[in-house]
Amino acid sequence: LVLKRLEDALAAGDAIRGVILATGVNAAGRTTGLSLPDQDAQATLIARVIEEAGLTPEDFGYFEAHGTGTPTGDPIEAAAIAQAVGRRRARPLPVGSVKSNIGHTEAAAGLVGVLK
């Protein structure tokens, strides 16, 4: 995987497999536990990144989740996705996590998702 600015990749004649439209990172601040995510903070981040990318919730054909595999983290993440994306759509949004199929992708986390 090689990341380049789009104009550089085009100039070099590279095969382009995807374009990163926006990214985001947050910290939930004080939560009920060190490893417990905050639903509202996640939902706010997801909505902000979608807006910065110039997309709408209807643009997604699938949503790649982190998929912690924990009985607490997964429902919180799913609820945040529903809050930021799913409830703003006219059709259902498939959500999954490649992590449960191939394991943690470490440095490549998040690169498996599919957009429209």
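Every number here is computed from the coordinates shown, using simple stated rules; none is lab data. What you are looking at is a predicted structure, and each value in this text was computed from that prediction instead of being measured. Ideal geometry is used to build each Cβ from the backbone, glycine not excepted, and the neighbour counts take in all protein chains shown.
List of remarks:
- Residue-by-residue Karplus 3J(HN,Hα) for region 66-72, coefficients 6.51, -1.76, 1.60, Hz, glycine and proline x: 5, x, 5, x, 9, x, 9
- Table column - 3J(HN,Hα) (Hz), region 39-45, Karplus curve with 6.51, -1.76, 1.60, x for Gly and Pro: 4, 5, 5, 5, 4, 4, 5
- Counted charge near I50, where neighbours are those whose Cβ lies closer than 10 Å (Asp, Glu -1; Lys, Arg +1): -1
- Label-point separation, E58 to A12 (7 Å along Cα→Cβ), nm: 3.7 nm
- Long-range HN-HN contacts of V95 with modeled amide H, under 5 Å: F63
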